[in-house]
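The block underneath contains the structure these notes are about, expressed in structure tokens.
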Amino acid sequence: ILGPLRGLSSVSEGIGSYSTLVKENRELRLKLQKMRNWKEAAIRLEEEHSQLLDLNNVRVNPSLKYITGLVLSDSGSSFRRSLLLNIGTFDGIKDGWAVVDSSGLVGRIFGVGEKLSRVVLLIDSSSRIPIKIEPSGKKALLVGDNSLRPPIEIVENMEMVRSGDRVVTSGDGKILPSDVLVGHVIRDADQRLRVKLVANYGRLKFLKVIKTHTFDSSDVRGEVIINMGTD
């Protein structure tokens with residue numbers, strides 16, 4: 001009589017041990033998933049920290065102030081035409097101010113709410129900014145055409161412009177401060193002059209908004225310098 005009872009007891013203990021192992025395995029899986037989530041969060045934070053460090057390497061003339069904002073809209077696409085920042089009139093943001101990333105000009109503020117502002121990118125078809133081509137010093141307009149290589153218009157003596165020439169803002173019309181790096185001159189298959197933009201449109205997370213609404217002609221002599229490291 002005792003033999004079968006002992007066998008049943010052993011089976012019962014085995015079932016109990018198996019249930020315990022299943023429970024422990026489930027708990028370990030949950031812990032592993034949490035660790036993976038924490039790892040992904042740590043990677044994202046490290047990337048954001050790296051982007052902030054890059055942005056802090058942008059040299060802005062001390063006479064001009066800036067405000068750093070976080071991009072709220074998805075920054076995974078290189079062909080967006082505008083984006084939202086988490087700063088607005090509450091932070092003192094004004095329409096028309098220049099917006100830069102760690103490499104150069106991204107666009108300018110166009111539309112401000114209390115806690116949000118919209119940035120129209122240089123590639124937008126509505127974008128028109130006065131530029132200067134160096135070293136020739138030729139003035140022109142950079143016209144957005146929804147591409148990452150927008151065309152240059154109204155250039156006199158085009159033969160003085162070469163591929164690879166540096167393109168910066170001219171400061172004309174007091175729309176933007178002068179000498180903000182925009183990109184470099186290239187020629188397309190039709191020999192039309194275009195600008196290869198230096199801003200990283202596929203990786204816009206943190207941006208600097210440069211306060212420029214109060215400057216005058218005496219303030220605009222090489223006021224903003226984007227440090228590329230190789231220029």
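The values are calculated or read from the model by the stated rules, or taken from the named source; none is laboratory data. It should be emphasised that the depicted structure is a prediction, and the values quoted were computed from it without experimental measurement. For neighbour counting, all protein chains shown are included, and Cβ atoms are generated from backbone atoms with ideal geometry for every residue, glycine included. With ligands, DNA and RNA removed, areas are computed over all heavy atoms of the protein, side chains included. Shrake-Rupley method; radii C 1.70, N 1.55, O 1.52, S 1.80 Å.
Side notes on the structure shown:
- Checked against the criterion of being within 16 Å of the chain's Cα centre (by Cα), open to solvent by 30 Å² or more (accessible area, probe 1.4 Å) and closer than 15 Å to Ser82 by Cα, the range 142-150 has at least one qualifying residue.
- Of all the criteria given as (1) of a type in the set (S, T, N, Q); (2) out of contact with any Leu (no Cβ under 6 Å at 6 or more places or on another chain); (3) open to solvent by less than 60 Å² (accessible area, probe 1.4 Å), the one not satisfied by Ser102 is (2).
- Of residues in the range 129-141 being more than 29 Å from Ile87 (Cα to Cα) and part of a strand (DSSP E or B), the one farthest from the chain's Cα centre (by Cα): Lys138
- Residue under evaluation Asn25, criteria (1) modelled with pLDDT of 75 or more; (2) more than 19 Å from the chain's Cα centre (by Cα); (3) surrounded by 14 or more Cβ atoms within 10 Å (Cβ to Cβ), criterion not met: (3)
- Reported count of residues in the range 66-102, each being at pLDDT 90 or above and in contact with an Asp or Glu (Cβ under 8 Å, 6 or more places away or on another chain), is 3.
- Subset of the range 110-128 (residues that are crowded, with 23+ Cβ neighbours inside 10 Å and assigned to a strand (DSSP E or B)): Ser117, Val119, Leu121
- A count restricted to the range 134-146 and to residues that are under 17 Å from Lys196 (Cα atoms), without any contact (Cβ under 8 Å) to a residue 60 or more places away in the chain and polar (S, T, N, Q) stands at 0.
- Count of residues meeting criterion [over 15 Å from Val198 (Cα atoms) and either loosely packed, with under 15 Cβ neighbours inside 10 Å or at pLDDT below 85 (or both)] in the range 154-175: 11
- Check on Val185, in contact with a Gly (Cβ under 6 Å, 6 or more places away or on another chain), β-branched (Val, Ile, Thr), assigned to a strand (DSSP E or B) and at pLDDT 85 or above: no
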